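Chemist: Let me give you the structure first, and then I'll get to my questions.
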Amino acid sequence: MRRLIAIMSVSIVLTLCGVEVGNAQQPPPAYGEQINIERAKSAAAAAVAEAQKINTFMAIAVVSPSGDLVYFEKMDNTQFASISIAIHKARAAATFRRPTQTFEERVSAGGVGLTLLTLDGIIASPGGNPILVDGKLIGAIGVSGGTGAQDHQVSLAGVAAVK
């Protein structure tokens, strides 16, 4: 009985994280070489340019695949709460190897999706995106300071600059 409960628990966690048990869903990306400082700065610069284009102030964090901070930048007049939120989004996108928007979608659907919030490191808010090169995860970017849609848009500009 304990084994059955353990298997069911693992199945629920995998499903919540986007890994469908028994289905042929695409696996998360493999890990690549850690993002270097030059690429991290390029991602942040592109994110800042996009934030300026939409007239908002942002905090931008770039992390390695392990979620460790590689580069951080905060635009003038960005709310202070956005500092830790941007880092949290970047870490979640890197360590779970998926955009943080997917967590928001699962939580907003309710039901079993709400249990996702019990997992350490989750943030159910758009603006965190993995950075892939040649299909491999080299890091992630997290952005905070605008609406969820703005954070997502700005983070995608940072991702696009690295490819």
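Chemist: Quick one: check the C-alpha center-to-center distance for region 87-104 versus region 126-161, whole angstrom.
Modeler: Centre-to-centre distance over Cα atoms comes out at 9 Å.
Chemist: Looking at this model, which pairs from Lys41/Lys89; Lys53/Lys136; Lys41/Lys74; Lys53/Lys89 are more than 19 angstrom apart at the alpha-carbon?
Modeler: Lys53/Lys136; Lys53/Lys89
Chemist: Let me ask another. Show me 117-126, 88-97 ranked by packing, highest mean number of other Cβ atoms within 10 Å first.
Modeler: Ranked by mean Cβ neighbours within 10 Å, highest first: 88-97, 117-126.
Chemist: I need the peptides 134-146, 61-73 ranked by packing, meaning the mean over residues of other C-beta atoms within 10 angstrom, with the highest value on top.
Modeler: Result, highest mean Cβ count within 10 Å first: 134-146, 61-73.
Chemist: Going by average Cβ neighbours within 10 Å, how do the peptides 99-110, 149-160 rank, with the highest at the top? All intermediate terms of the calculation are to be shown ahead of the outcome.
Modeler: Details: 99-110: 18.3, 149-160: 22.6.
The packing order, highest mean first, is 149-160, 99-110.
Chemist: Long-range amide H contacts for Ile131: which residues qualify at under 5 Å (H placed 1.01 Å from N, peptide plane, sequence gap of 5 or more or a different chain)?
Modeler: Placed amide hydrogens put Ile138, Gly139, Ala140, Ile141 under 5 Å from Ile131.
Chemist: If you don't mind, there's one more thing I want to ask. Would you work out the charge dipole size for region 29-162 about its Cα centre, treating the Cβ of every Lys and Arg as +1 and the Cβ of every Asp and Glu as -1, and quote it to the nearest 20 debye?
Modeler: Charge dipole, region 29-162, about its Cα centre: 100 debye, nearest 20.
Chemist: Kirkwood-based Rg over Rh for region 44-130 (C-alpha set), two decimals?
Modeler: Taking Rg over the Kirkwood Rh, I get 1.00.
Chemist: Quick one: Karplus J couplings for region 47-58, per residue in order, coefficients 6.51, -1.76, 1.60, θ = phi - 60°, nearest Hz, x for Gly and Pro?
Modeler: Using θ = phi - 60°, the values come out as 5, 4, 4, 5, 4, 5, 4, 9, 6, 9, 10, 9 Hz.
Chemist: Another one. List, in order, the whole-Hz ³J(HN,Hα) value for each residue of region 113-119 obtained from phi through the Karplus relation with A = 6.51, B = -1.76, C = 1.60 and θ = phi - 60°; use x for Gly and Pro.
Modeler: Going residue by residue, I get x, 5, 5, 4, 5, 7, 7 Hz, with x marking Gly and Pro.
No value in this document is a laboratory result; all are computed from the given coordinates. What you see is a predicted model; the values in this text were computed from it and never measured. Ideal geometry is used to build each Cβ from the backbone, glycine not excepted, and the neighbour counts take in all protein chains shown.
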